[in-house]
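To keep things clear, I will list the structure first and then write my remarks on it.
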There are 4 protein chains.
Amino acid sequence: MTKTPLDVINAADRDAFLAALGTVFEHSPWVAEAVMAQRPFASLAALAGAMEAALRAAAGEQQLALLQAHPDLAGAAARAGTLTQFSTAEQQAAGLVNLSAADSARFVKLNAAYRARFGFPFIVCARRHAKDSILRAFERRLGNDADAERAAALDEVLRIARLRLDGLVAAPDRLKVHGRLSTHVLDTARGRPAGGMALELAQLAADGTRLTLVRTTTNADGRTDAPLIADRPLPIATYELVFDVAGYFAAAGVPLADPPFIAQVPLRFAIAEPEGHYHVPLLVSPWSYSTYRGS
Amino acid sequence: MTKTPLDVINAADRDAFLAALGTVFEHSPWVAEAVMAQRPFASLAALAGAMEAALRAAAGEQQLALLQAHPDLAGAAARAGTLTQFSTAEQQAAGLVNLSAADSARFVKLNAAYRARFGFPFIVCARRHAKDSILRAFERRLGNDADAERAAALDEVLRIARLRLDGLVAAPDRLKVHGRLSTHVLDTARGRPAGGMALELAQLAADGTRLTLVRTTTNADGRTDAPLIADRPLPIATYELVFDVAGYFAAAGVPLADPPFIAQVPLRFAIAEPEGHYHVPLLVSPWSYSTYRGS
Amino acid sequence: MTKTPLDVINAADRDAFLAALGTVFEHSPWVAEAVMAQRPFASLAALAGAMEAALRAAAGEQQLALLQAHPDLAGAAARAGTLTQFSTAEQQAAGLVNLSAADSARFVKLNAAYRARFGFPFIVCARRHAKDSILRAFERRLGNDADAERAAALDEVLRIARLRLDGLVAAPDRLKVHGRLSTHVLDTARGRPAGGMALELAQLAADGTRLTLVRTTTNADGRTDAPLIADRPLPIATYELVFDVAGYFAAAGVPLADPPFIAQVPLRFAIAEPEGHYHVPLLVSPWSYSTYRGS
Amino acid sequence: MTKTPLDVINAADRDAFLAALGTVFEHSPWVAEAVMAQRPFASLAALAGAMEAALRAAAGEQQLALLQAHPDLAGAAARAGTLTQFSTAEQQAAGLVNLSAADSARFVKLNAAYRARFGFPFIVCARRHAKDSILRAFERRLGNDADAERAAALDEVLRIARLRLDGLVAAPDRLKVHGRLSTHVLDTARGRPAGGMALELAQLAADGTRLTLVRTTTNADGRTDAPLIADRPLPIATYELVFDVAGYFAAAGVPLADPPFIAQVPLRFAIAEPEGHYHVPLLVSPWSYSTYRGS
């Protein structure tokens, strides 16, 4: 998607301004409209802050209407293909589109319970999650009281809006809406970076499914040329990095047991902060390995 | 099985002696008979050594007849239930009894090729293996020349015999036919053994099957009350130890991320020496872990 | 010292009983006398418990007299050689005998301040300490109020008594008055215990002095044949284990940089629990190492 | 020292050219003169390569005269203060200026033996060394035959020249004559960089002297704001990094033993490649630590 430069937005007439920013809040261009007069914005952060302030200053009914304008997660609109373009992409990214019948039924039931209790659909910033963490959040938030849940829903709306805004507008600054996952392999038997080691990253779900996200090989510095995940929030989920350690040492001519004591090393970890930097290195010899959350 | 004391064997008449030891070599009581006159044996090692010497001193045709007296691995006799009691138990231990149709077909084909090439059935000490390592050995040994393979087959016959002998005879000494697998969990965040941590040990096969062997919990010293595997050869195979690290730290009141960065730690390793001692410890904090082959 | 069996003590007449146990409390055989009638004692723990109860039940003036019967630490009696045999050995063990002039002056000053404040000499179980930790305890306890310090002094008297008692009496049980320090070296480059590695243990003092306690070599299992310290309390102090890693790897033919990246590895740690078990292993390759408090 | 830009050198007349580069080889401006006509040089590497080629192409007697023009290491000229400016700085950097009488006598003896054997003074690129490694090299090279040693001496002359050249000339490229030493501290108890930890770097000599090179504190990312050593060759020597681990954890409110099990962590390592990058991280909890050569 081509981004619109911030200075173009600052200079746009009403129609162009709303065309650019009217979709930041779901079916609610009024939020953009409310900040139009505050232009020019010196930074993307200033624009985002103004929109947040406008939403928080709005009357309770107007906020409620905005919440009610959201679609059900994994709901009828998703199945019918009538979501907004943004919602479609967001729900796809979290794996909510081709659900099993059992999962669909679970969402239908949770959505119904939630609407009955709170009067608006369950809203979560899907790009920050995977299916399991959405279901956990869903069940946890069903236990909230009305005020706490209204606040939680607005927080999610603002997370969604900041992500959309960061993707729509080109500015000198960026909103802190993305995370980064990286790795690094050190060969502790030979005291050097482990270059040329194959590895893969998979996302694991509670039902046992395993979604391979990346297959790559370390470079001469023992790192991957690109971060494993970047330029997006890191979905809250469990991951497994699997390294072909025996392949690496065999290629280097290091003597190994037959079969090698350590062949495929799986490092299993979970991400809890979608905007964080997770560095998950592997220090490895043919007979030992370590990992830790690095920086 | 009740063991017969070595001094009883030393004092037995011919019938009792052969009843006790005639099954050590498959359908070949002549090996036992050949050493009867050398009694008394001062140790089990001396008895085993005498039997090995008798086998190695026998004429080539007699050795060949002994090799030919073995059943096919995973063969018709196994399916028909007509194996000797020992062979049945040995083939069961290696998981060769309830094979899939594809695996059965693979064994049939390999057995036929092997018999055609060498004139006797493929013999391997099944208790030292799992299905994958037997198949690897099968294919590797099919490439041997006749002399090398005759020697390899005799070596396996002797491994089988020593294991049977160690199980049949009670003596002050033991033959070195068993291995040991153990673990130990240290809590590096708090500087103490990690007691009360749930863990499981599984054997992994190349086809993706996962056979859980042990589920247990660490004791106050961070060890398991009994070794994970002991009193048998360690099957050559890939294993995974999985530790419930987050459960342990949560129970101890240590603050964790939500979800915890480290929850289930899998340690995947392979055993190459069935008679070895494999100690596979876990040093773990909520944010880091290490493992190595210990002692 | 030859120990007297507990059953001999249980059967002894008054003179023999006091000859055996009258020195357990410094110049205060009345504590032993107070428990004589409670014989027979089923265990050393029961005897120790009875003596403790007798001391705690005694009148305040009697307890005070017992405290006052102790010599000054590193005081005039030590210099003059007029300490009891026990006190001499205890003060020697903590390195309080050949003090520098500056240290002597410091003790003189602290002893004077302490006596002036509390009316009895500073008592500490010297076998559980080194000079630095005694000085730290001295200064900390000078800040106590009278009741807290009377209690602290009695606790130390009982620690001294239990150590003396454990050394005097042979019984089926032992008092838990000893600690243990051990190590273990694993070669993570080759996946085996590091046997034949030279190492030394030194005690470090705040003034920079370094007292070598042990020089030894690891055995085939990577351990030392005897614990580094055992059969005594572990003095509260800072220690350094130094391992000749480069010598080990060079002897094994493992390629090393010139000079080796890792040659002498110092592991510096402190002991805080004299009755504890401290296991301080080294996991080492030519390019990496780890240590931790093990068990 | 202000560097002369390469394009100024390319355009300089003879006098200016020799003023700029005549000192690159000790008392031997003829090497610079020999390459003057090859100008312009497109890069510093090209200029260095031309000078090396000129030296290697020179007649044996001319090379010998150049070797003989060097001063003795730690010799009479150093003591008298009559070295060239470059030699003074180089010998100072390696700690050869204020030697003890014993060390001076050792150098006098080695210099005499070397000159008697080879007919020119011992030459070594002192910036790449510390006193101990120079003495080791001195004794090793005394065992060379004449041809091997002539080659070794020329190699050192070229190392010296490249370092001088890199310091004299500003160009878009740099010669690879510098190394880098860095560290990084990770808190494995809390899964974050260890910021605010005091540390020092010292160089250790075989005679027990300890030269503190850097005292600093880690930044928020657990690193030091500047590399520990950079912009110079890393002297071949043994080093110790000492980290105030207990101070860091105490400031963070992490419970510690009294005294802390781990207080000051010394990491002792040697540098063998002066132009290399040595990254020596510390992964540490209150009860465990690891280090390794990183990248």
Practice item. Amide H neighbours of D:Ile236 under 5 Å, at least 5 residues apart or on other chains, H built in the peptide plane: list them. Key: D:His129, D:Ala130
Study note, to complete from the structure: Asserting the computed 222 nm helical MRE of chain B (DSSP H runs at least 4 long, -39500 (n - 2.57) per run, divided by residue count, to nearest 500) equals -12000 deg cm²/dmol
Revision key, fill the gap. Spelling it out for A:Asp173: with amide H atoms placed in the peptide plane at 1.01 Å from N, the residues 5 or more places away or on another chain with amide H under 5 Å from its amide H are A:Leu44
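From the gyration tensor of the Cα coordinates in chain C, what semi-axes in whole Å does the equivalent ellipsoid have, largest first, with each one equal to sqrt(5λ)? Display every interim value, and only then the final one.
On the way: eigenvalues 356, 119, 42 Å².
Semi-axes, largest first: 42, 24, 15 Å.
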Exercise for review: Search the structure for amide H atoms under 5 Å from the amide H of A:Leu213, placed 1.01 Å from N in the peptide plane, and list their residues when 5 or more places away or on another chain.
Suggested key: A:Leu201, A:Ala202, A:Gln203
Practice item. Might you report the magnitude of the Cβ-based charge dipole of segment B:100-228 about its Cα centre, with Lys and Arg at +1 and Asp and Glu at -1, to the nearest 20 debye? Key: 100
Check your understanding: Over all distinct Cα pairs, what is the inverse of the mean 1/r for segment C:1-160, reported as the Kirkwood hydrodynamic radius in Å?
Key -> 16.8
Revision key, fill the gap. Applied in sequence order to segment B:42-49, the curve 6.51 cos²θ - 1.76 cosθ + 1.60 (Karplus, θ = phi - 60°) yields integer Hz couplings, x standing for Gly and Pro, of 6, 7, 5, 4, 5, 4, 4, x
Point to revise | Virtual paramagnetic centre 7 Å along Cα→Cβ of D:Ala42, amide N under 19 Å, in segment D:145-189 | key: D:170-176
Revision key, fill the gap. If one builds a Gaussian network model of chain D from Cα atoms under 10 Å apart, the most fluctuating residue listed among D:Arg150, D:Arg136, D:Arg117 is D:Arg136
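Hey, got a sec? Which trypsin sites (Lys or Arg not before Pro) in segment B:1-72 land in a DSSP loop and have at most 14 other Cβ atoms within 10 Å? Please list the in-between numbers first.
Details: sites: B:Lys3, B:Arg14, B:Arg56; in loops: B:Lys3.
Qualifying residues, ordered by number: B:Lys3.
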**Study point:** Nm distances between copies for D:Leu99, ranked from closest, using label points 7 Å along Cα→Cβ
**Key:** 4.5, 7.7, 8.1
Point to revise | Reciprocal of mean inverse Cα separation for segment A:32-72 (Kirkwood radius, Å) | key: 11.2
Review point. Using the 10 angstrom Cβ neighbour count as an exposure proxy, how do B:Thr88, D:Thr212 rank, fewest first?
Key: D:Thr212, B:Thr88
Study note, to complete from the structure: Largest fluctuation, D:Ala45, D:Ala230, D:Ala220 only, Gaussian network model of chain D with Cα springs under 10 angstrom, belongs to D:Ala220
Review point. Binned at 10 Å from 0, what are the whole-percent values of the Cα-Cα distance distribution for segment A:1-85, short to long?
Key: 16, 43, 30, 11, 0
Study note, to complete from the structure: Out of C:Leu213, C:Phe41, C:Thr238 - ranked by how far each Cα lies towards the positive end of the dipole of chain C, with unit charges on the beta-carbon of charged residues - the top one is C:Thr238
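Per residue Cα convex hull volume for segment B:1-48, in cubic angstrom?
Once divided by residue count, the hull of segment B:1-48 is 79 Å³.
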**Study point:** ³J(HN,Hα), Karplus 6.51/-1.76/1.60, whole Hz, each residue of segment A:120-136, x for Gly, Pro
**Key:** 8, x, 5, 10, 9, 6, 4, 5, 8, 9, 10, 3, 4, 6, 5, 5, 4
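Which of rounded, prolate or oblate describes segment D:119-183 when judged by the alpha-carbon gyration tensor and an a/c cut-off of 1.5?
Values: a/c = 2.94, a/b = 1.60, b/c = 1.84.
Oblate shape, in that a/c is at least 1.5 and b/c is the bigger or equal ratio.
What ranking of C:Lys176, A:Lys131 emerges when the number of other C-beta atoms within 10 Å of each C-beta is taken as an exposure proxy, fewest first? It would help to have the intermediate numbers written out before the result.
On the way: C:Lys176 10, A:Lys131 24.
Ascending number of Cβ neighbours within 10 Å: C:Lys176, A:Lys131.
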Practice item. Please figure out what share of the DSSP beta bridges in chain B is antiparallel and state it in percent, rounded to the nearest 5. Key: 75
Review point. Expressed as a whole number of Å, what is the distance separating the alpha-carbon centroids of segment B:114-130 and segment A:251-295?
Key: 37
Review point. Among A:Leu21, A:Ala153, A:Ser133, whose Cα lies farthest out toward the positive end of the dipole of segment A:18-166, if unit charges sit on the beta carbon of Lys, Arg (+1) and Asp, Glu (-1)?
Key: A:Ser133
Check your understanding: Residue-wise, which Karplus ³J(HN,Hα) couplings in Hz belong to segment C:188-198, taking 6.51 cos²θ - 1.76 cosθ + 1.60, θ = phi - 60°, and x for glycine or proline?
Key -> 7, 7, 10, x, 8, x, 8, x, x, 8, 6
Check your understanding: Residues of A:272-281, mean number of Cβ from any other protein chain within 10 Å of their own Cβ, rounded to a whole number?
Key -> 2
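What do you get when you divide the Cα radius of gyration of segment A:161-223 by 2.2 N^0.38 Å, with N the number of residues? Please list the in-between numbers first.
Working: Rg = 17.4 Å, N = 63, 2.2 N^0.38 = 10.6 Å.
So segment A:161-223 has a normalised radius of gyration of 1.64.
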Revision key, fill the gap. For D:Lys176, counting only aspartates and glutamates whose alpha-carbon sits under 19 Å away and dropping same-chain residues fewer than eight positions off, the answer is A:Asp221, D:Glu52, D:Glu90, D:Asp155, D:Glu156, D:Asp166, D:Asp231, D:Glu273, D:Glu275
Practice item. Could you let me know the centre-to-centre spacing of segment A:143-163 and segment B:1-23, using Cα atoms, in angstrom? Key: 80
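Find the percent of Cα-Cα distances in the protein assembly as shown that exceed 53 Å, and round it to a whole number. It would help to have the intermediate numbers written out before the result.
Working: 319159 of 695610 pairs.
Every Cα pair in the protein assembly as shown considered, those over 53 Å come to 46 percent.
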Exercise for review: Please compute P(r) over all alpha-carbon pairs of segment D:200-295, binned at 5 Å starting from zero, and give each bin as a whole-number percent.
Suggested key: 2, 11, 21, 24, 19, 12, 7, 3, 1
Point to revise | Sorted largest first, extent of segment C:32-127 alpha carbons per principal axis (Å) | key: 49, 27, 19
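Quote the convex hull volume per residue of segment B:94-237, based on C-alpha atoms, as a whole number of Å³.
Details: hull volume 22.9 nm³, N = 144.
So the per-residue hull volume is 159 Å³.
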Check your understanding: Relative to the Cα centre, what is the charge dipole magnitude of segment B:1-152, using +1 at the beta carbon of each Lys and Arg, -1 at the beta carbon of each Asp and Glu, and rounding to the nearest 20 debye?
Key -> 460
Exercise for review: Calculate the length of the line joining the C-alpha centroid of segment C:177-248 to that of segment B:62-112, in whole Å.
Suggested key: 53
Review point. Rounded to the nearest 20 Debye, what is the dipole magnitude of chain A about its Cα centre when Lys and Arg each give +1 and Asp and Glu each give -1 at the C-beta?
Key: 240
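Taken together, the values in this text are just the output of simple stated rules run on the coordinates, not laboratory data. Quick caveat, the model's predicted, so the values are computed rather than measured. Heads up, the Cβs are rebuilt from the backbone with ideal geometry, glycines too, and the neighbour counts pull from every protein chain shown.
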